[in-house]
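First comes the structure, then the notes that go with it.
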Amino acid sequence: MPRTNCFYVSLLILVWAKTGEGALRVQLPDYDKNSWRNVLKRVAPDWVLEEFQDVRVSSAAENGFQLPKSGNARIEISKHGKKSVMANTPTDALNAINTYLRTQCLSQVSWSNSSFSSGCRKHSNDILNFESKQIRYFGNMCTFSYSFAWWEWPQWEKFIDWIALNGFNTVLMPLGQEAIWRDVFMGLGVERDELDSYFTSQAYLAWHRMGNLKAYGGGLSDAQMLNDFNLAKRIINRLLELGIVPILPTFAGFVPDQLEKDFRLFPTSKFNRLPCWNNFTSETSCLLSVSPFDPLFQKIGSTFLRHQKKMLGGDITNLYSADPFNEILPSDSSKFDASFMKQTAQSIMNSCRKVDKNCIWVLQSWSFTYDQWPNWAIKSFLSAVPIGNLLILDLYSEVVPAWQMTSSFHGHNFVWCLLHNFGGSRELRGNLQKVDKGYQLALMKAGSNLVGAGLSMEAIDQNYVVYQFMIDRMWSQEPIPLNNWLKSYSESRYSADFKVSHKFWTILAGSFYSQPEKWGNPRFSVFLYHRPAFAKKIEYWFPVEETFNHLQSLMPSLMHVLGDHPLFKEDLNDVMRAVIQFEIGNEAALSLTEAFLMEDKQQIGASCENLMDMFQKLESYSNRDFKEWIEDSKSIAPTSEERQVFPVTASDILTVWGPTGQNLDYAHREWAGLLSGYYGRRWQYFCDWILEHDVFNHTDFSISVFRDVERPFAISNI
């Protein structure tokens, strides 16, 4: 070969190497390129498959067994209206079809219900292109407790179909790991009984996996571990069939206490005692962690991954999740220790690469913002991992975009995530335009290491409009015209083109979904679902009277055309609860405060009676019954003991959430059985208290209401 040609070839290789440096290379196992058809068969009426008969999806081999660098699909529509779909992967194709169904066929598949029309609008001579960043991510560790704790395969199958229809290609999958950890720890010499002091019960596994809790709720039976693992394996197999990459766990350092207490096991190894989480005691928190400087760290990490690979049947992913410092400081002291942090990151990465040389560690950014890490500490921690081997989930990007505070995570690949919800609370709130602008800013300014977007809410089944908007935003390189989007959303949601439904959603978008939210300010929450107190109000960010009057004026027309539609009923219930809540909080509860200040016990009694009536009215507009949650917890329990424990933990996590109310009402729900049976009962107790006490002592009241109402309710569901 001539020297000049050699020079140019060498130059091209050098340029390719430089441009590929730090690129995200996600392993894509073989998938069924016709799996899109099975999804449509499960979720849609027959006419949908008739509309989309010609769908061509590239195989995993054609994609080089790697996740394509972007999501891509195209729908070509002939002059006769025949549709042909070409896509990189099954989920790319499904997202294109689903988007077409929503925008051209007045049809929608949501979490709770679906709405399908009888066909599509006439459409011809067109080409529709769909493109996204490489990663479309779904997951939050907390969702596996706040929403998925009691799910079995029927719920998961439906949800995976929703995931696929919306184009997600990476999904957090921590479920089932306890069975693997049990084998690993027992192989290291830990006795089975000791693991009951390590694993939490089912409801709290999210915080066990993040190193916050141990033993709370009483551990897990072998039967439940096996059930979780078998369910996880079934979920993973379905994800793989669809070309969706599961993000599996890797070792973050947390271990049972016996590894340190029993000197016969590892007498020379070093351990750290982590801080207790959120006022839990050392009996249920303050987990033990292997020192990242100790060789035992990498031994345990690599042993776990080998056993996980064996139990799941081989190399199915190169994405692994670990969060060593979730809401706990990154040291065994109160100071940030640069060497400790750096070594922790290196040990997690090295133990993973011992088993999978292509390991990519998936890390939440939450620790950086929640614990306000200084920039030097973040840089020190991140610099321990080579660029390209770390994928950071910027977990709360819509409010606190950590990429802006960290020079785009110092070059590491990251995903812009919408968090929005905490604990599964049902208040109507959000900000569609802020989401739109926030993601656009990242697209313009963050750099090439912004590799995707995702949803990271702590629970589902609330404020669906916010998440559908973000999903559509993932597939758009430009801002979305909100008014046009709302029209399409209302048409698809109710399978009808009514001006009144568009107006309904325009009002909601301009009020509840225009919330100004800033990091550091208190999160909006309706005070009625928290421990009663005086002089509180519900403070909305829009003209309440004008908005409610507008909504009220639409109700006759809406009820006439949509009164029996299941998704409209859900939306109507949400709005009616918001209206009634405001009336309770800013009239009935406020009049109670005024009566107490005036020492008018007769008026206190009248105000309390009105308050209880309104809680009953509020409950009539709930979309779910608390009993269902409790029954679901019983239904999955494989042992008689867990049939007693699971309902109590199911109640605890939505109410007192801790033995002394550590997370009291964090995960409150506007459900039948809770609205009057728990929140209303607590307000009744408050009324009785102030009628019996001339002076209100908040501390005394808090002790009494916890003893007499809150804790008894939490443990009453045996």
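The values are calculated or read from the model by the stated rules, or taken from the named source; none is laboratory data. Quantities reported herein were computed from a predicted structural model and do not represent experimental measurements. When we count neighbours, we look across all protein chains shown, and the Cβ atoms used for this are built from the backbone with ideal geometry, even at glycine.
If you check N169, N125, N113, which single one turns out to be closer than 17 Å to G454 by Cβ and either surrounded by fewer than 18 Cβ atoms within 10 Å (Cβ to Cβ) or more than 15 Å from the chain's Cα centre (by Cα) (or both)?
On the way: N125 fails: closer than 17 Å to G454 by Cβ; N113 fails: closer than 17 Å to G454 by Cβ.
Testing whether each residue is closer than 17 Å to G454 by Cβ and either surrounded by fewer than 18 Cβ atoms within 10 Å (Cβ to Cβ) or more than 15 Å from the chain's Cα centre (by Cα) (or both) leaves just N169.
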Residue within the stretch 613-635 that is buried (at least 18 other Cβ atoms within 10 Å of the Cβ), of a type in the set (A, V, I, L, M) and not in a helix (DSSP H, G or I) present: no
Residue count for the stretch 229-243, restricted to those that are crowded, with 21+ Cβ neighbours inside 10 Å and under 26 Å from P324 (Cβ atoms): 4
Options L259, L305, L265; residue that is over 26 Å from N358 (Cα atoms) and assigned to a helix (DSSP H, G or I): L259
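With the stretch 668-714 as the region, which helices (runs of 4 or more DSSP H) entirely inside it contain at least 3 residues that are among the charged types (D, E, K, R) and in the same structural domain as G605 (by TED's automatic domain parsing)?
Values: elements: 681-692, 698-705, 711-714.
Because the criterion is at least 3 residues that are among the charged types (D, E, K, R) and in the same structural domain as G605 (by TED's automatic domain parsing), the helices (runs of 4 or more DSSP H) in the stretch 668-714 that meet it are 681-692.
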Residue within the stretch 53-68 that is out of contact with any helix residue (DSSP H, G or I) (no Cβ under 9 Å at 6 or more places or on another chain), in a strand (DSSP E or B) and within 17 Å of K41 (Cα to Cα) present: yes
Criterion (assigned to a loop (DSSP other than H, G, I, E, B) and closer than 19 Å to A223 by Cβ) met by exactly one of A149, A179: A149
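Could you tell me whether the stretch 553-565 includes any residue that is assigned to a helix (DSSP H, G or I), buried (at least 18 other Cβ atoms within 10 Å of the Cβ) and not basic (K, R)?
Filtering the stretch 553-565 for residues assigned to a helix (DSSP H, G or I) gives 553-562.
Filter once more, keeping what is buried (at least 18 other Cβ atoms within 10 Å of the Cβ): 558, 562.
Retained after the next criterion (residues that are not basic (K, R)): 558, 562.
Yes, some residue in the stretch 553-565 is assigned to a helix (DSSP H, G or I), buried (at least 18 other Cβ atoms within 10 Å of the Cβ) and not basic (K, R).
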Pair list, Cβ under 7 Å, 6 or more apart: the stretch 493-507 residue under 19 Å from C120 (Cβ atoms), other residue in a loop (DSSP other than H, G, I, E, B) and aromatic (F, W, Y): S495/F116
Odd one out for W376, checked against (1) more than 19 Å from the chain's Cα centre (by Cα); (2) modelled with pLDDT of 95 or more: (2)
